[in-house]
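Below: the structure, in structure tokens.
The values are calculated or read from the model by the stated rules, or taken from the named source; none is laboratory data. Treat the numbers as computed from the prediction; the structure is a model and nothing was measured. Note that each Cβ is placed from the backbone with ideal geometry, even for glycine, and that neighbours are counted across all protein chains shown. Only protein heavy atoms, including side chains, enter the accessible area calculation; ligands, DNA and RNA are left aside. Shrake-Rupley method; radii C 1.70, N 1.55, O 1.52, S 1.80 Å.
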Amino acid sequence: MRPTRRTSVVAGALAVAATLALAGCTGSSGSSSSSSASGSAGLTPVKLQLQWVTQAQFAGYYAALQEGYYKDEGLDVQIVEGGVDIVPQTQLADGAVDYAIAWVPKALASREQGAGITDVAQVFARSGTLQVAFKDKNITKAADLAGKKVGNWGYGNEFELFAGMTKAGLDPATDVTLVQQQFDMNALLSGDIDAAQAMTYNEYAQVLEATNPATGKLYTAADFTTINWNDEGTAMLQDAIWANTSKLKDAAYQDQTVKFIKASLKGWIYARDNPEKARDIVVAAGSKLGNSHQLWQTNEINKLIWPSTDGIGKIDAKAWDQTVTVALTAKNDQGATVITKKPDADAYTNDYVTKALDELTSEGVDVTGSSYKPIDVTLQPGGN
């Protein structure tokens, strides 16, 4: 969704054209925010491609821009919004931008098709994907989906779900009724499907912003159950910072990458410590989502990052290997996998994020968030 997850990729023979739209959110594809110091002498121009439009999923980058962290590193950063017709990893591979935000499995699919991109900082340590159901459906784990109408977005976003069902002994092609879900929660709320795909930071909030017709009040978490793929063991890594593989051979780009990662991580640390201010920065940057929805999103994104035992952005080999395994083995209802062979050694590196973390640590910045605690967010009708 986040996209973002809001991208398009090709997985082997399967055209995985992910066009994950955000319900109620509009934005012009490929539009750009103002840079922190546009045209400033002595600063290196840098373009960052997002995987969707302005929202708190990208709060750390907007905070780094607003607070001058990029400028402090000598960078004049321009944030480029995504859209349904924008593929971040393709923009990066083609040289249109300098860095891109993309989900790991989708980026790996693009790499298999020839895109020269490398994961240089894994910002989200955990998956934010859920399967949501009304409580009376008694769906609390993947095995409970048997015989149910199961919604999913498809377009490459379904593999955690399919892997979870397969692990639970279900055949996705025969043991459930698959429903092509729109990028909202209307089908769940109307009863057309039993379990809907959602992101913790977006679609799940949408059901909690909706009015329960039986009470006239907003739904609460107690009205629903969720399946979390982190708990089921089939989670896949999502938002990461990707760099151009061939350009990483250049010493100047290597140095720039460390600086960009350092400033970006500092922005995420700001969002951790100042969630309300981070929300305000995103809203001011042009988000079309309401204030309470954006604060919810900031808070839920923070949960996907913090605490970060090894330091924010460090790529965990175990989580990476699990993502690759699911991408190689989980088949959708058409029998396609995300990738057909293991990615090569250039698929990711911790070299640059480690240098960035070392610099931040030497400056006294808390890069692990070991004492992090989420805030309480009260959603308003429609997320306003």
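Quick notes
- Modelled this way, with points 7 Å down the Cα-to-C-beta line, the labels at A251 and Q380 are 5.4 nm from one another.
- Here the Karplus relation 6.51 cos²θ - 1.76 cosθ + 1.60, evaluated at θ = phi - 60°, turns the backbone of region 96-103 into coupling constants of 6, 9, 9, 8, 8, 9, 7, 5 Hz, with x for every Gly and Pro.
- In region 129-232, the portion of solvent-accessible area held by carbon and sulfur atoms comes to 48 percent [1.4 Å probe, whole percent, DNA, RNA and ligands not counted].
- Candidate values (1) 0.94; (2) 1.07; (3) 1.00 were compared with Cα Rg over 2.2 N^0.38 Å computed on the shown model; the agreeing label is (1).
- Under 19 Å of direct C-alpha separation, and excluding same-chain neighbours fewer than eight residues apart, K266 reaches these lysines: K47, K71, K277, K303, K314, K355, K373.
- Backbone amide hydrogens, once placed in the peptide plane, bring A121 within less than 5 Å of I241, excluding anything fewer than 5 places away on its chain.
- An ellipsoid equivalent to region 146-288, defined through the eigenvalues of its Cα gyration tensor, has semi-axes of 35, 24, 12 Å when rounded to whole angstrom and sorted largest first.
- Protection-proxy order for peptides 124-136, 314-326, each taking the mean of Cβ atoms within 10 Å per residue, highest first: 124-136, 314-326
- Net length available on complete extension from D171 to D346 is 59.6 nm, with 0.36 nm assigned per residue and the Cα-Cα distance removed.
- Segments 208-215, 258-265, 303-310 sorted - mean Cβ within 10 Å per residue, highest first: 258-265, 303-310, 208-215
- Rolling a 1.4 Å probe over the protein heavy atoms gives region 75-193 an accessible area of 33 Å² per residue.
- Carbon-plus-sulfur accessible fraction, region 234-384 (probe radius 1.4 Å, protein heavy atoms only): 47%.
- C-alpha center-to-center spacing [region 286-354, region 156-215] in angstrom: 20
- Each of the peptides 88-95, 200-207 was scored by the mean count of other Cβ atoms within 10 Å over its residues; in descending order, highest first, they stand as 200-207, 88-95.
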